[in-house]
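J.: Handing you a structure now.
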């Protein structure tokens with residue numbers, strides 16, 4: 001996975017988006033646009049608060 005990012009020609013962008021689903025959960029989305037234009041999902045995590 002990191003090899004694709006490291007060997008990219010250089011015109012790429014990234015977004016990290018956190019979405020609060022409730023008081024105890026949120027979603028983390030990491031999107032990459034390798035062509036510099038169209039973002040596509042790269043990593044997605046669902047987080048839950050534990051007591």
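The values are calculated or read from the model by the stated rules, or taken from the named source; none is laboratory data. Predicted model, so just to flag it, every value in this text is computed and none were measured. Cβ atoms come from the backbone with ideal geometry, glycine included; neighbour counts cover every protein chain shown.
J.: Does any residue in the stretch 1-24 that is farther than 18 Å from residue 41 by Cα come within less than 6 Å, Cβ to Cβ, of a residue that is assigned to a loop (DSSP other than H, G, I, E, B) and modelled with pLDDT of 65 or more six or more places away or on a different chain, and which pairs are these?
T.: Close Cβ pairs (under 6 Å, with a partner that is assigned to a loop (DSSP other than H, G, I, E, B) and modelled with pLDDT of 65 or more) amount to 24/49.
J.: Where in the chain are there strands (runs of 3 or more DSSP E), lying wholly inside it, with at least 2 residues that are touching a strand residue (DSSP E or B) at 6+ places or on another chain (Cβ under 6 Å), at pLDDT 80 or above and loosely packed, with under 11 Cβ neighbours inside 10 Å?
T.: On the way: elements: 13-20, 25-33, 40-48.
Fully inside the chain and qualifying: 13-20, 40-48.
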